[in-house]
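**Student:** Structure provided below as structure tokens; questions to follow.
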């Protein structure tokens with residue numbers, strides 16, 4: 001059996017063929033869409049809500065950062081909780097925590113409760129995103145891993161475009177209380193969809209427990225996790241601060257940007273996974289980084305509605321290409337029984353990046369009294385991304401060539 005081929009009898013849908021589209025796989029897509037729709041509905045709207053409630057720019061940055069702290073902690077515990085209580089049960093627990101946390105923003109209008117709600121949301125999203133990814137990789141054929149992760153992420157990336165649009169529309173028309181209630185019911189929908197899942201036992205749940213730092217961190221996944229950290233720090237320039245930036249410079253609603261970017265994100269998810277599986281990451285990741293940097297910088301340098309909307313398509317295309325490519329790069333570098341820990345490290349790194357990015361950008365915006373600066377900072381993170389990526393992976397490939405001169409280097 002191939003190294004990454006699953007053979008989990010507890011799935012109830014064991015398939016040793018090249019089949020990708022199973023009921024379980026589609027169920028994971030639906031759960032992912034619910035998780036990230038609720039998550040992304042708050043990204044552009046929460047900063048506006050906190051600003052309207054009198055929070056300072058620094059407080060907004062710290063409240064956003066509290067999400068990262070909670071998600072990091074919950075993801076580090078995901079593998080152990082899954083081993084003890086079952087992956088499906090912990091997935092549903094995470095959805096329940098998100099449901100409760102969504103109401104914390106309206107219980108008491110105080111920064112402490114805002115931070116508490118954000119931390120609960122982070123803990124729930126941390127558990128659900130980690131387990132959804134690691135469980136799904138067990139039903140994706142290994143030779144179609146990048147393609148499968150690309151399709152799996154259609155739910156998440158569609159939510160990245162659809163969620164902010166929906167959140168802004170609901171908050172504008174119905175108010176913030178209805179917004180937070182709607183976010184809560186996204187997680188109820190995810191809970192209902194999860195009832196379609198068969199009982200699953202992860203490969204990591206059946207392996208011998210590992211003690212020490214390796215129980216929480218997979219060394220082979222560290223290089224690509226650094227990349228996703230830098231990507232996360234860049235993304236928050238748009239997702240967390242675009243709405244308030246548009247308000248600052250007099251641009252039309254950011255909802256239009258997120259709606260149009262759907263075209264790019266969905267298109268990228270449909271074809272870039274196959275390209276990755278066939279040609280490898282070196283032919284796709286650098287182009288995606290360049291496109292993302294150009295589109296991010298265009299928002300700041302060319303603040304005109306028409307150009308903003310054109311930029312939205314390319315920005316969505318870049319994001320829809322880069323995230324699943326780095327994710328496939330991460331999962332393909334580790335064995336099956338380390339995927340839950342790897343998933344935790346991957347998404348933790350993404351959240352740390354968001355936490356770092358929102359904090360730095362929030363304080364920079366407060367210091368310079370403008371949110372225009374966040375886009376320059378975002379591009380700066382991408383420059384670091386490209387330098388690290390080319391340095392690490394080009395050297396790694398060259399070393400493989402020297403060790404195996406008669407073999408063809410594999411794409412990782």
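Every number in this text was worked out from the coordinates using simple rules, so none of it is lab data. Everything numeric here is computed off the predicted structure, so don't read it as measured data. Counting neighbours? That spans all protein chains shown, and the Cβs are built from the backbone with ideal geometry, glycine included.
**Student:** Using Cβ counts within 10 Å as a stand-in for footprinting exposure, how do 191, 41 rank, fewest first?
**Tutor:** 191, 41
**Student:** Highest first, please rank the peptides 389-395, 33-39 by the mean number of other Cβ atoms sitting within 10 Å of their residues.
**Tutor:** Per-residue mean Cβ counts within 10 Å order the peptides as 33-39, 389-395.
**Student:** I would also like to ask the following. Using the basic label-point model (7 angstrom from Cα toward the beta carbon), what is the residue 195 to residue 370 distance in nanometres?
**Tutor:** For residue 195 paired with residue 370, the spin-label model returns 5.4 nm.
**Student:** Okay, next question. Going by Cα centres, the range 41-116 and the range 290-341 are how many Å apart?
**Tutor:** 24 Å
**Student:** Turning to a different aspect of this structure: I need to check one value: relative contact order of the chain, counting alpha carbon pairs closer than 8 Å and at least 6 residues apart, in percent. Mind showing how you got there, number by number?
**Tutor:** Numbers: 731 pairs, mean separation 109.4, N = 412.
Once normalised by length, the contact order is 27 percent.
**Student:** Still on this structure, please answer the following. Using only Cα atoms, find the angle between the long axis of helix 23-52 and the longest principal axis of the chain, and express it within 0 to 90 degrees, rounded to the nearest 10.
**Tutor:** Rounded to the nearest ten degrees, it is 30.
**Student:** Here is a follow-up. Tell me, 220, 372 in order of fewest to most beta-carbon neighbours within 10 Å?
**Tutor:** 220, 372
**Student:** Turning to a different aspect of this structure: By how many degrees, 0 to 90 and rounded to 10, does the Cα axis of helix 339-368 deviate from the longest principal axis of the chain?
**Tutor:** The answer is roughly 20 degrees.
**Student:** Now for a separate question. On a full-extension model of 0.36 nm per residue, what is the gain between residue 282 and residue 263, subtracting their alpha-carbon distance, rounded to one decimal in nm? Don't skip to the answer; put the middle values down first.
**Tutor:** Working: separation 19, 0.36 × 19 = 6.84 nm, distance 2.45 nm.
In short, 4.4 nm is gained.
**Student:** Next question. From largest to smallest, what semi-axes in whole angstrom does the chain give when each is the square root of 5 times an eigenvalue of its alpha carbon gyration tensor? Before the final figure, lay out each step's value.
**Tutor:** Numbers: eigenvalues 210, 132, 71 Å².
For the chain, the semi-axes come out at 32, 26, 19 Å.
**Student:** Moving on to the next point. Can you work out the PRE-style zone for residue 18? Point 7 Å along Cα to Cβ, and I want the residues of the range 267-287 with backbone N under 20 Å.
**Tutor:** Once the point is set 7 Å along Cα→Cβ of residue 18, 270-281 turn out to lie under 20 Å by backbone N, inside the range 267-287.
**Student:** Sticking with this structure for a sec: Quick one: if the Förster radius is 25 Å, what FRET efficiency do residue 52 and residue 383 give, using the C-beta to C-beta distance and rounding to 0.05?
**Tutor:** About 0.15, to the nearest 0.05.
**Student:** At q = 0.26 Å⁻¹, work out log10 I(q)/I(0) for the range 87-181 with the Debye formula, treating every Cα as an identical point scatterer and leaving solvent out; two decimals please.
**Tutor:** -1.26
**Student:** By how many degrees, 0 to 90 and rounded to 10, does the Cα axis of helix 57-85 deviate from the longest principal axis of the chain?
**Tutor:** Around 30 degrees separate the two axes.
**Student:** So how do 224, 65, 349 line up by other beta-carbon neighbours within 10 Å, fewest first?
**Tutor:** Least crowded to most crowded, the residues run 65, 349, 224.
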